[in-house]
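The values are calculated or read from the model by the stated rules, or taken from the named source; none is laboratory data. Source: prediction; values computed, not measured. Cβ coordinates were reconstructed from backbone atoms using ideal geometry, including for glycine residues, and neighbour counts include every protein chain displayed.
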Amino acid sequence: MPDMPETNTGADASGKIPVTVLTGYLGAGKTTLLNRILSEPHGKKFAVIVNEFGEVGIDNDLVVGADEEVFEMNNGCVCCTVRGDLIRIIDGLMKRKGGFDGIIVETTGLADPAPVAQTFFMDQDVQDRTRLDAVVTVVDAKWLTQRLKDAPEAHNQIAFADVLILNKTDLVTPEELAAVEAQVRAINPYARLHRTQNAKVAIDDVLGRNAFDLDRIMELEPDFLEEGHHAHHDSDIQSVAVTVDGDVDPDKFLPWLNDYAQREGANLLRSKGILAFRGEPKRFVFQGVHMMLDGDLQRDWRPDEKRTSKIVMIGRDLDREAIEKAFRACAV
Amino acid sequence: MTSAAPNATAAGAVTSLLDHVRPLDAGAHVTGAAFAGETAMLALGDGCVLLCDAAGERRVDAHPGGAVLAAVGAGDIFVTGGDDGRVVATQANGETRTISDEKGRWIDAVAASGGAIAWSCGKQVAARDAKGNVRRMEAPSSVRGIAFAPKGYRLGLAHYNGASLWFPNTDAAPEALFWKGSHLDACFSPDGRFFITSMQENMLHGWRLADKKDMRMSGYPAKPRSLSWSHDGLWMASSGADAAIIWPFEAKDGPMGKAPRECGVRPAKVTQVAFHPQALIIAIGYDDGAVMLVRLTDNSELMARMPAPGGPVTAMAWDAKGKRLVFGTADGAGGLLTLPV
């Protein structure tokens, strides 16, 4: 299992191809969204990795069929699953002349997003050439309540999202929409949420989100989070956010984070954080999927910016008190 | 040592091979290299094959609009598999013919031996014998590497959680070799005793075929994607570290319990290895674009290409006599080394 990198690798992946992962339960509108993205006059060239041929295809883009072959890494960790076909396809795409402005991976409706996301942490060649831009999850406003009862995948897909497309809003009443939105927010209060009909959303709201939209977690109001969390318990997934007003000690924080991810990795779906390390002019940014963590020092803290440290964990049966206590103990 | 390789005297006099390399402008990612007779060939990410001989260079559009994903030399032809779903044979005179068309499915791996050709797309594997008869099978999962056994019409297939050994001309179920994880490239030892795969987890795995005993060759900082056997079959070189890692196979147990040799240590990662076909000399390509020749007997080193723009060395091949070495890089640079006589 990989350890947290020592820090510092010149930040944000210049020259890496952004990858957008498109998830959503069957019939939610993934393919509609994909076709919408591709048919917009954006002048960009995408490679689209799909599971079923025939439904997608725009002249300028390359469509590749995938097999969704998930395998376990041979490292003794049961949640270290990756998409072998994705590694193979990205390897092949990088050989093509001219390259691509972006790669879009459409998963099947029943897919757990973890192996796709983990592929970008586990494979060095994939990591060297691409970066996971965002997980975009399309949610069916009319059927979500039902899905959350009968489909565990639907919970994970929402928990993993950086961008949530709450689709088919025309098929529900405003009250129903508010209820569905509250359900979604109870699982994942951090994703950007767009309400749509026919998956109609601006392309800039879906692509080019940049590194899982990490900055967004700093902007969220604590009140909103608390409210969102306590209002509904339709899912066993919850989120925990802890803010330390100021710097933390990296010699305490990094070992704790590594250890926590190793111990609780099976329950921990997503983790993110932006931290002010003592004596470090740059912001430390990390993100994780299950046990896998990836982080480095990025841009400088701006003079007008308040140095604060914040972590967010989304998962099952997370011990809120223990996380808070441990993180606060890292404060300087 | 044969006369084809630089002998002791020449190596004493020659301090570098840099002046003996003719640069090649491949213009696209080089995905494979081989010689067909006197003609050096590079398979490219723009679907072309670059031919290079005494008459000059020319380009053949073997996979129009596509990219070559896998390539292997097969005597007088160069076999390429593309993301256009085609398996194509290119001759030294530039003529091409389609061996198979898999209707747009990517050709992930190709192998060739004695007139027979094999390829895979996803789980589907096809073997075509020298007479043109094609037999097909479905592997348990996607096949990333194919190798022909040195004797008999038999294939080794690397896939998830192990490998399969398949006799295409029998209806018997393939023999399964299990080892958890994702197996990528495949090769047999020249004496047929061992089957080796490279793995996703930065290691090599081997099976001694007589008793299916497992061998793990680990400790690589990167995936060892390039494997090459010495002409005498006693050494197997691998990429994936800051030196060529060379495992001894002389003993009955192969490299089990033995430490590998490290040749050509440089502050760069080895991406390609290719043993000379007649002497204990190894060509090593690095991720900084450098190419170096190392003689195993005394560890003497000769640079053939200094670090240069153009990306990591991605393909390398000797001609049959070991007089020339062709190589190419990720960003379309390349070169043809002719050893000084």
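Quick one: in the stretch A:59-75, which of the residues that are modelled with pLDDT of 80 or more and more than 18 Å from residue A:93 (Cβ to Cβ) is farthest from the other protein chains (Cβ to nearest Cβ)?
Once the filter is applied, the top-ranked residue is A:70.
When the stretch A:81-95 is examined, which residues are found to be at the interface with another protein chain (Cβ under 10 Å from one of its Cβ atoms) and either of a type outside the set (Asp, Glu) or in a loop (DSSP other than H, G, I, E, B) (or both)?
Here is the first cut: in the stretch A:81-95, the residues at the interface with another protein chain (Cβ under 10 Å from one of its Cβ atoms) are A:82, A:84-85, A:87-89, A:91-95.
Within the stretch A:81-95, A:82, A:84, A:87, A:88, A:89, A:92, A:93, A:94, A:95 qualify.
Against the condition over 20 Å from residue B:210 (Cβ atoms) and either touching a helix residue (DSSP H, G or I) at 6+ places or on another chain (Cβ under 9 Å) or away from every other protein chain (no Cβ under 14 Å) (or both), how does residue B:139 come out, does it pass?
Values: over 20 Å from residue B:210 (Cβ atoms): yes; either touching a helix residue (DSSP H, G or I) at 6+ places or on another chain (Cβ under 9 Å) or away from every other protein chain (no Cβ under 14 Å) (or both): no.
The answer is no for residue B:139.
Exactly one condition in (1) crowded, with 24+ Cβ neighbours inside 10 Å; (2) within 14 Å of another protein chain (Cβ to nearest Cβ) is false for residue A:135; which is it?
Status for residue A:135: all satisfied but (2).
Starting from the stretch B:174-196, take each residue that is within 12 Å of chain A (Cβ to nearest Cβ) and in a strand (DSSP E or B) and list its partners that are at pLDDT 95 or above and surrounded by fewer than 17 Cβ atoms within 10 Å (Cβ to Cβ), counting only C-beta distances under 6 angstrom and pairs at least six apart or across chains.
From the stretch B:174-196, no pairs qualify.
Only one of B:158, B:149, B:244 is within 14 Å of chain A (Cβ to nearest Cβ) and of a type in the set (Gly, Ala, Ser). Can you tell me which?
On the way: B:149 fails: within 14 Å of chain A (Cβ to nearest Cβ); B:244 fails: within 14 Å of chain A (Cβ to nearest Cβ).
None of the other options fit; the residue is B:158.
Which condition number does residue B:321 fail, the rest of (1) surrounded by fewer than 20 Cβ atoms within 10 Å (Cβ to Cβ); (2) basic (Lys, Arg); (3) in contact with a strand residue (DSSP E or B) (Cβ under 8 Å, 6 or more places away or on another chain) being met?
Looking at each condition in turn, residue B:321 falls short on (3).
How many residues, within the stretch B:237-265, are part of a strand (DSSP E or B) and touching a Cys at 6+ places or on another chain (Cβ under 8 Å)?
Taking the stretch B:237-265 first, the residues part of a strand (DSSP E or B) are B:237-238, B:244-248, B:261-263.
Those left that are additionally touching a Cys at 6+ places or on another chain (Cβ under 8 Å): B:237, B:244, B:246.
Within the stretch B:237-265, residues that are part of a strand (DSSP E or B) and touching a Cys at 6+ places or on another chain (Cβ under 8 Å) number 3.
Return the residue satisfying two criteria in turn: it lies in the stretch A:233-290 and is of a type in the set (Ser, Thr, Tyr) and part of a strand (DSSP E or B), and of such residues it is farthest from the chain's Cα centre (by Cα).
Pass one, the stretch A:233-290, residues of a type in the set (Ser, Thr, Tyr): A:235, A:239, A:243, A:260, A:271.
If we keep only those that are part of a strand (DSSP E or B) as well, we get A:239, A:243, A:271.
Numbers: A:239: 14, A:243: 20, A:271: 9 Å.
For the stretch A:233-290, the residue satisfying everything is A:243.
Could you please let me know if residue A:98 is modelled with pLDDT under 85, within 24 Å of residue A:267 (Cβ to Cβ), within 14 Å of chain B (Cβ to nearest Cβ) and part of a loop (DSSP other than H, G, I, E, B)? Write out each step before concluding.
Working: modelled with pLDDT under 85: yes; within 24 Å of residue A:267 (Cβ to Cβ): no; within 14 Å of chain B (Cβ to nearest Cβ): yes; part of a loop (DSSP other than H, G, I, E, B): yes.
It is false that residue A:98 is modelled with pLDDT under 85, within 24 Å of residue A:267 (Cβ to Cβ), within 14 Å of chain B (Cβ to nearest Cβ) and part of a loop (DSSP other than H, G, I, E, B).
Say whether the condition of being within 14 Å of chain A (Cβ to nearest Cβ) and more than 26 Å from residue B:225 (Cβ to Cβ) is met by at least one residue in the stretch B:104-123.
No: the stretch B:104-123 contains no residue that is within 14 Å of chain A (Cβ to nearest Cβ) and more than 26 Å from residue B:225 (Cβ to Cβ).
Among A:245, A:259, which is more than 22 Å from residue A:189 (Cβ to Cβ), surrounded by fewer than 18 Cβ atoms within 10 Å (Cβ to Cβ) and among the acidic types (Asp, Glu)? Can you show your working first?
On the way: A:245 fails: more than 22 Å from residue A:189 (Cβ to Cβ).
Of A:245, A:259, the one residue that is more than 22 Å from residue A:189 (Cβ to Cβ), surrounded by fewer than 18 Cβ atoms within 10 Å (Cβ to Cβ) and among the acidic types (Asp, Glu) is A:259.
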